[in-house]
Each structure stands twice: as C-alpha cells, then as structure tokens.
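Report on the structure given below.
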Amino acid sequence: MDPTASPATDTETEVGRLRRLQKDGHHAEALSGAEAMLRALPENRDLLLIAAISQRYLLRIDDALATLERLEALQPRFSRMHEERGLCFVARKDAPPAIDALLRAVNINPALPVSWRMLEGLYRLTKEPGNAATAAAHVATLKNLPHDVVTATSLFSDGDLVPAEQIVRAYLLRHGDHPEAMRLLARIGLARDVLDDAELLLEAVLELTPGLPGSPLRLRPDAGETSEVRPGPRAASINCWRWSPAISTTGRWWPPARWVSARTRRRSASTTRCWPMRQPHRTFTYGWPTR
C-alpha cells in the first residue's frame, strides 16, 4: 500500500478489490473483507452493499436484509440498496415485497437493467402482462443505449455526480454528439446549477431529435416524484416513468430548453445576468466552465 495515498483512495481501492472478488464468485472472502473494513467505516455505503450482496449469495438472506436495514437508515434513497432488497425477496420466492422493492429502486434510478429484468419476470409470474410489457420495454431501451451512458445515468441517479460527469463527458469526446448523453450532461449541469450550459445542451438535443419520443419537448415528472410506493395498483407506479434523461433531479416538472431561457432570465433579473436564447455557433467541449 502506498504510504502517501489518502484514506479515501485506499478505501476506493479496497472496494474495487472486493467487487472483483464478488464478480469472480469469491463471496466468502469478499464478505470477510467488507466486514473487517466496516469495523472502521461502519457507515460506508459501498461496503454495506458489498456485504449484503455476498450474504445473499451465501444464502444468508436474513443477514443480508439486516445489513440493508442498516444501509437504508443511512441512505434511504440509494437505489442499489432497494434493488438488493428486491433480489433478497426474489431468493425467498416472495413476489409482492420483491416487486415493491424493485419498483422503489427503478423509480429512484431508471438505469437498473437487473431490476427491470426481474420486474418483467415477476409480473409475468403474477399474471400482470401490462406491467410485464412495460418492464420489458425499459429493458429494451437500456439495451439499446451505450453502456457508458447507462452507467453514468445510474451513478447520477444515486448522487455520484463527479464520476457520472467524467464518464459521460469522456463518452461524448470519443463519440461526438449523442442525444441521451447530452441530456444526461445537461441534467448534471442542472444539478450543479450551471443553467446556461445545460440550456445550450438541451437546445442542441432539440435540433438533433426534434419531436421524437423522449425529447425534452415531452414533459415528464422526475423519477424522484414516484420513489415512494403508494397504495393502489402497481400499474400506477410502474407506468409513471418514461425514459427521458432531460428532466429535473429535484422532483419537479422540468420544461424544455426554450422555457429554461425564460426562467433563467427571470432568475437573473436581480443579478444583471441574462443568458441568450440561442448561441448557434457555439462549439461544445462537454466540460463546465471554470468559475
């Protein structure tokens, strides 16, 4: 171990090693390593999730659910925690709570292929073909998106803005304009309050995909609005979400770019800043300006 490395870097390196152990099927070793680190870092989100996953694979479902309860107390909107809880109930062959947990996961984070696939199978098992078809459509949508965009969207949904931005910006630099990647970068800009660059990105998306399904012209509620599973038919929970990365992360409706212009001009009135409606000759570098 590098004596000059920071504790955070050491933790990230060890978390990566434990995940590789899990990928190779060495769950007993991964669990032992996670539990050892949790004694010093009892609130580490990644270590708790690693422990729960390995406990499930080792068929220690009660222990896994208890670990997830600890994690939920710390991070109630961590989508991977809800996904893992759903998988624990799948292992128990208990469909209703599995569906509820997986719905909560995808309503927080729509970029979870495993959750959508599980929901498709569970809905077929429970004779809900409409919801099964909706879940299957989400599986197909994610399959057709670039892996980097799906990964970055998942990170963004769980609040990991820095790695999400790094991944999506690198993707755009390698592959050029891609509507979904640009929308995601705009969402990151909104989350960071870089509204002018987010507006320009959304306007560029409108030019690339005018009027197509999923474009920013189609207003949709944020997934966060439906993160709480409410009483009533599950169809109301599953059908509320559509793939539209250009939406607010604050649980409000977010308008298309041309409406953002009006909003930002109103907001800027007291600060003498005014962003133009369009800058057609601007070249995107897919990075935020230094402020």
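The values are calculated or read from the model by the stated rules, or taken from the named source; none is laboratory data. Computed from a prediction, not measured in an experiment: that's the story for all the values here. With ideal geometry, Cβ positions are generated from the backbone for all residues, glycine too; neighbour counts draw on all protein chains shown.
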Does K23 meet the test of being under 20 Å from L112 (Cβ atoms), loosely packed, with under 15 Cβ neighbours inside 10 Å and basic (K, R)?
yes
Counting only residues in the range 82-117 that are under 23 Å from A152 (Cβ atoms) and of a type in the set (D, E), the one surrounded by the fewest Cβ atoms within 10 Å (Cβ to Cβ) is identified as E83
Tell me whether the range 192-211 contains one or more residues that are within 28 Å of E72 (Cα to Cα), at pLDDT below 95, of a type outside the set (D, E) and under 17 Å from the mean Cα position of the chain (by Cα).
yes
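Would you check if L161 is surrounded by 14 or more Cβ atoms within 10 Å (Cβ to Cβ) and under 22 Å from L49 (Cβ atoms)?
In short, yes.
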Find the helices (runs of 4 or more DSSP H) located wholly in the range 13-91 whose residues include 3 or more that are under 23 Å from L102 (Cα atoms) and touching a residue at least 24 places away in the same chain (Cβ under 8 Å), and list them.
45-57, 61-74, 79-91
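Can you name every residue in the range 118-144 that is surrounded by fewer than 19 Cβ atoms within 10 Å (Cβ to Cβ) and either touching a residue at least 60 places away in the same chain (Cβ under 8 Å) or hydrophobic (A, V, I, L, M, F, W, C) (or both)?
If we filter the range 118-144 for residues that are surrounded by fewer than 19 Cβ atoms within 10 Å (Cβ to Cβ), which is where we start, we get 121, 124-127, 129-130, 133, 136-137, 139-141, 143-144.
Matches in the range 118-144: L125, G130, A133, A136, A137, V139, A140, T141.
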When restricted to L173, L206, the only residue in contact with a Ser or Thr (Cβ under 7 Å, 6 or more places away or on another chain) and in a helix (DSSP H, G or I) is L206
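Going by the conditions given, is D62 surrounded by fewer than 17 Cβ atoms within 10 Å (Cβ to Cβ) and either touching a Ser or Thr at 6+ places or on another chain (Cβ under 7 Å) or farther than 19 Å from S115 by Cα (or both)? Spell out how you get there, then give the answer.
Working: surrounded by fewer than 17 Cβ atoms within 10 Å (Cβ to Cβ): yes; either touching a Ser or Thr at 6+ places or on another chain (Cβ under 7 Å) or farther than 19 Å from S115 by Cα (or both): yes.
For D62, the condition - surrounded by fewer than 17 Cβ atoms within 10 Å (Cβ to Cβ) and either touching a Ser or Thr at 6+ places or on another chain (Cβ under 7 Å) or farther than 19 Å from S115 by Cα (or both) - is met.
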